[in-house]
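The values are calculated or read from the model by the stated rules, or taken from the named source; none is laboratory data. Owing to the predicted nature of the structure, the values given are computational and were not obtained by experimental measurement. Please note: Cβ atoms are built from the backbone with ideal geometry, for glycine as well, and neighbour counts cover all protein chains shown. Side chains included, ligands, DNA and RNA excluded: accessible areas come from the protein's heavy atoms. Shrake-Rupley method; radii C 1.70, N 1.55, O 1.52, S 1.80 Å.
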Amino acid sequence: MTVLMVQREQLRQAFSRRLAQACAQANLDEFGRGMAIARALGVSSKAVSKWLNAESVPRQDKMYELAAFLGADVLWLQHGNEGAFSDEGREVMQSFSANDVTPFYVPQPESGFRVDVLDIEASAGPGCITSSDVTETINHIVYASQEALELFGHRPASSIKVITVTGDSMSGTIELGDYIFVDIAKDYFDGDGIYVFLYKGQLLVKRLQMTHDSLLVRSDNPKYADWNIHEENEQHLKIIGRVMYSHSVRRHA
C-alpha cells in the first residue's frame, strides 16, 4: 500500500470517528442517524453510509451543510483537533438553544497558503469515468505566503486544486502519476493551453487549441492522434480548469 493510500485511509477513518462523535453530541440515534442526515442534506443514504463507514468524505459544500445540521464546527469536523470535546466545550455547547448552529470547537486557521489535493484522477489517455461521489479532499500542500505569490500570483487558494494524472498521452510534458495544479476559476476556454475537462463522461487532460471551425484536442505524445470537438458536440464538453503546473512524483526502490 502506497503512502498516499495510507494517508487517504487514515483521513477517512479520522473523519468517520469525528462524524460519529458529532452525531452522538447531536443526540442522533445510532440506527437512524444515516437516514436523518440523508434527508437533511438531500443526499442518498448510501452516500451517508460511506461517510459513517470511512469509505469516503463529503464534498466541501456538503461538509458545510453537515456541520450546520449537526451543530458542529466545520473546520473541526473536516480536519479535527485534539480536545475538541473537552468538558469546557460541552458546557459551552449546552449554553446555546437547540435552534442555534453551535461550534464544538473554534480552531485557529492554519497559517500559509493551503492547496487541496483531490481524490480524483484525470486521464492523459483514453479517459476515465468520474463521479462526484468519490471526489474528496485527501491531503493538502501548504506554501509560505511569498512562495505562493510567486507560484500562483494573486489567485485564491480555493481556486487551485491538485489532481493526479493517469495515462501517457501527455508524456514529454506530463507523466503518468504526476500531480497537476489546476486553476478551476478558468472553467472556460481561455486561449490555447492544457486543460482538465469532461467530455462525454470522460475526465481528460489535453491541450485545447481553437481552429476556425472546431476545438482541436491534442496530445503531446505523438503516439496519440489529434481529434476535434465540433459545434454540434459542444454540449458534451465541460471545462474543469486550466493546468498551471505539473509536479513529478518519483518513487525509488
Contacts under 8 angstrom Cβ, first residue in the range 153-169 being assigned to a helix (DSSP H, G or I), partner open to solvent by 30 Å² or more (accessible area, probe 1.4 Å) and of a type in the set (Lys, Arg), 6 or more apart: ALA157/ARG114
If I filter the range 152-178 down to residues being more than 13 Å from the chain's Cα centre (by Cα) and more than 24 Å from ALA225 (Cα to Cα), which single residue comes out as most open to solvent (accessible area, probe 1.4 Å)? HIS154
ASN228 vs (1) modelled with pLDDT of 95 or more; (2) buried (at least 21 other Cβ atoms within 10 Å of the Cβ): all pass except (2)
Residues in the range 24-42 that are crowded, with 19+ Cβ neighbours inside 10 Å and either free of Cβ contacts under 8 Å to residues at least 24 places away in the same chain or not hydrophobic (A, V, I, L, M, F, W, C) (or both): how many? 2
Given the conditions (1) within 19 Å of LEU118 (Cβ to Cβ); (2) assigned to a helix (DSSP H, G or I), and given that SER56 satisfies all but one, which numbered condition is not satisfied? (2)
Can you tell me which residue within the range 197-222, out of those that are touching an Asp or Glu at 6+ places or on another chain (Cβ under 8 Å) and open to solvent by 60 Å² or more (accessible area, probe 1.4 Å), is farthest from GLY172 (Cα to Cα)? ASP213
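Table: residues versus (1) at pLDDT below 95; (2) within 24 Å of TYR179 (Cβ to Cβ); (3) among the hydrophobic types (A, V, I, L, M, F, W, C).
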| site | (1), (2), (3) |
| --- | --- |
| GLN202 | yes, yes, no |
| LEU208 | no, yes, yes |
| LEU215 | no, no, yes |
| ARG218 | no, yes, no |
| GLU232 | yes, no, no |
| TYR245 | yes, yes, no |
| ARG250 | yes, yes, no |
Scope the range 179-196; condition open to solvent by less than 60 Å² (accessible area, probe 1.4 Å) and free of Cβ contacts under 8 Å to residues at least 24 places away in the same chain; matching residues: GLY191
Looking at this structure, is GLU91 modelled with pLDDT under 55, closer than 30 Å to ASN233 by Cα and among the acidic types (Asp, Glu)? no
Across (1) farther than 16 Å from PHE69 by Cβ; (2) modelled with pLDDT of 90 or more, ARG12 clears everything bar (2)
Condition test on ALA68, is it surrounded by fewer than 20 Cβ atoms within 10 Å (Cβ to Cβ), in a helix (DSSP H, G or I) and at pLDDT 85 or above? yes
Can you tell me how many residues in the range 188-235 are closer than 22 Å to GLY167 by Cα and part of a loop (DSSP other than H, G, I, E, B)? 11
